[in-house]
Amino acid sequence: MANVAIIGAQWGDEGKGKIVDWLASRADIVVRFQGGHNAGHTLVVGNQTYKLSLLPSGLVRGKMGIIGNGVVLDPEALFNEISRVREQGLDVGPHNLRIAENVPLILPLHSALDKAREVARGKHAIGTTGRGIGPAYEDKVARRAIRLCDLAEPETLSHKLDELLLHHNTLLKGLGAEPFDKQELLDRLLGLAPKLLPYAEAVWERLDEARHENKRVMFEGAQAVMLDVDHGTYPYVTSSNTVAGNAAAGAGVGPHFIGTVLGIAKAYTTRVGSGPFPTELFDEIGKGIGERGREFGTVTGRPRRCGWFDAALVRQAVKVGGVQGLTLTKLDVLDGIPELKICTGYRIDGEVFRRLPAGLAAQAKAEPIYEVLEGWTQSTKGARSWAQLPATAIKYVRRIEELVEAPVALLSTSPERDDTIMVTDPFAG
Ligand code: IMP
């Protein structure tokens, strides 16, 4: 038996939804281990398009979904999403969705603080999704978070809300935002309790059983390595560890249980939100990639910034994320571009770097060093074998493999689930 962890290898939106869905059909359990409803995974199944933010993608394939303790959970967002997918015909309930009893909750005050702080940052805004992710993780490490299990203990909840509000209302008032009323929050949470608690359990026990029963588990990462709170382009990152190593802590399993780590990267680069992006394109080519790739944020609706494939960046993500196989998505978006560029490193103040330095000023000065490759005129959309790809497209993929120092395990050539070229089976271990 081998398990698989899937993580983004750029700045998110790499098309993880499709690959997760493709692999979920062969897994027994799908686990989310970090992030929250800031994620946006689009799954196209036949004529239905599912847009998932919080729910593990495996639910679409009738698999057991688990939300691990490493996630931050907004109960209202969860129920809205469940209603939405139920309307599309999906069966979701406590029988196939289990949530870690110790998961920290996102409350309305988190999103209020997230937004108020972004306004206060002015031109230095991070471009967060405004969903309260950062403030909720801050409360977790500050040991004042309300956790799912607290909903079963009204007295604990009441006492914890006092502590939480002392902190948040002071901040909110300081930022000129409206403070929150304790009784209103308490009533709201106690009102949610009967609906939410049936989903709660010690998910680590279920995963331990799965280990004994040789079940296949897939760990579904959200965001991406370059948005990792430690390894990403800090502070323009999300507030969780997005690397596969966090699947162990974020689900309650040992590190050996994670299995093969698969990184997903687009055949070019995109980014939503602010922060450094050395290969960003401001010309017609960038515009064309954005239009053909339909590059709009699933959660924010904002147009994504587009640029050339940055092999130095993905190589870094491969190393710190422990990526053993790469999935390259959206190759077809590059169809028809006569010349393609791949960034192999950066020049900063005359010095050559093979990685993006950590300092903000250095990152701002990083000039990409490009290798130019011949493009292809034929369409690669929907290709299902190497034989269906033009020689120059194969060359492009092979060059990426060399530069990022990871083999391409899967190649995705359209949003359709079956338009995927499998080179190696990630579940083979
Ligand atoms: P937060 O996660 O809402 O705090 O946002 C922090 C940064 O991560 C911002 O630049 C967001 O645009 C980015 N971000 C968060 N979630 C995603 C995602 O799922 N895809 C791409 N970017 C994301």
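In percent, rounded to a whole number, the relative contact order of the chain is 20, using alpha-carbon pairs under 8 Å and six or more apart.
Only Cα pairs under 8 Å and at least 6 apart count here; give the relative contact order of the range 276-335 as a rounded whole percent. Walk me through the numbers before you get to the answer.
On the way: 38 pairs, mean separation 19.9, N = 60.
Computed over the range 276-335, the figure is 33 percent.
Across the range 244-258, coupling constants 3J(HN,Hα) worked out from phi with the 6.51/-1.76/1.60 Karplus curve, θ = phi - 60°, read 4, x, 6, 4, 5, 5, x, 10, x, 10, x, x, 5, 6, 5 Hz, and Gly and Pro carry x. Relative to the longest principal axis of the Cα atoms of the chain, helix 108-121 runs at roughly 50 degrees.
Round to the nearest 0.05 the FRET efficiency obtained for His95 and Asp349 when R0 = 60 Å and r is the Cβ-Cβ distance.
Values: r = 59 Å, r/R0 = 0.99.
Approximately 0.50, to the nearest 0.05.
When each pair of different Cα atoms in the range 330-397 is counted once in the 1/r mean, what is the Kirkwood radius in angstroms, to one decimal? Walk me through the numbers on the way to the answer.
Numbers: mean 1/r = 0.0722 Å⁻¹.
After inverting the mean inverse Cα-Cα distance, the result is 13.9 Å.
Annotation for the range 220-293: chymotrypsin sites (Phe, Trp or Tyr not before Pro) lying in DSSP loop with at most 12 further Cβ atoms inside 10 Å of their Cβ are Phe282.
Using a Förster distance of 35 angstrom, determine the FRET efficiency expected from the C-beta separation of Lys182 and Ala358, and round it to 0.05.
Values: r = 41 Å, r/R0 = 1.18.
So, using R0 = 35 Å, E works out to roughly 0.25.
Residues whose amide H lies under 5 Å from that of Val423, counting only those 5 or more places away or on a different chain, are Leu410, Leu411; hydrogens are built 1.01 Å from N in the peptide plane.
Run the numbers for Glu87 and Arg211: contour at 0.36 nm per residue of separation, minus the present Cα-Cα distance, in nm.
Details: separation 124, 0.36 × 124 = 44.64 nm, distance 3.36 nm.
Extending this stretch completely gives an extra 41.3 nm.
Of the Cα atoms belonging to the chain, the radius of gyration and Dmax stand at 21.5, 67 Å. For Lys51, the aspartates and glutamates whose Cα comes closer than 13 Å to its Cα, not counting residues fewer than 8 places off in the same chain, are Asp13, Asp21, Glu81, Glu87.
Assuming 0.36 nm per residue, please report the length gained on full extension of the stretch Glu163 to Arg26 beyond their Cα-Cα distance. Each step should come with its number before you reach the end.
Working: separation 137, 0.36 × 137 = 49.32 nm, distance 4.50 nm.
This chain segment gains 44.8 nm when fully extended.
Under 27 Å of direct C-alpha separation, and excluding same-chain neighbours fewer than eight residues apart, Lys341 reaches these lysines: Lys16, Lys18, Lys266, Lys287, Lys319, Lys330, Lys365, Lys381, Lys395.
Which value does Rg/Rh take for the range 1-79 over its C-alpha atoms, Rh per Kirkwood?
Details: Rg = 12.0 Å, Rh = 12.9 Å.
Rg divided by Rh gives 0.93.
Can you work out D for the range 290-366 in µm² s⁻¹ from Stokes-Einstein, where Rh is the Kirkwood radius over C-alpha pairs, the temperature is 20 °C and the viscosity is 1.002 mPa s?
Values: Rh = 14.8 Å.
Diffusion coefficient, whole number: 145 µm²/s.
Across the range 160-257, Cα-Cα pairs farther apart than 18 Å form 69% of the total.
Length, then width, then depth: along the principal axes, the Cα atoms of the range 259-315 run 39, 25, 23 Å. Principal axis extents of the C-alpha atoms in the range 33-97 (largest first, rounded to whole Å): 32, 24, 19.
Using only the Cα atoms of the range 1-145, construct the convex hull and provide its projected area averaged over every direction, in square nanometres to one decimal.
Working: hull surface 39.9 nm².
The Cα convex hull of the range 1-145, projected and averaged over all directions, gives 10.0 nm².
In nm, what is the difference between 0.36 nm times the number of residues separating Lys287 and Ser379 and their Cα-Cα distance? It would help to have the intermediate numbers written out before the result.
Numbers: separation 92, 0.36 × 92 = 33.12 nm, distance 1.91 nm.
Full-extension gain reported as 31.2 nm.
Just so you know, all these numbers are worked out from the coordinates, no wet-lab data involved. On a predicted model such as this, the values are computed, not experimentally measured, just so you know. All Cβ positions, even for glycine, are placed from backbone atoms using ideal geometry, and neighbour counts span all protein chains on display.
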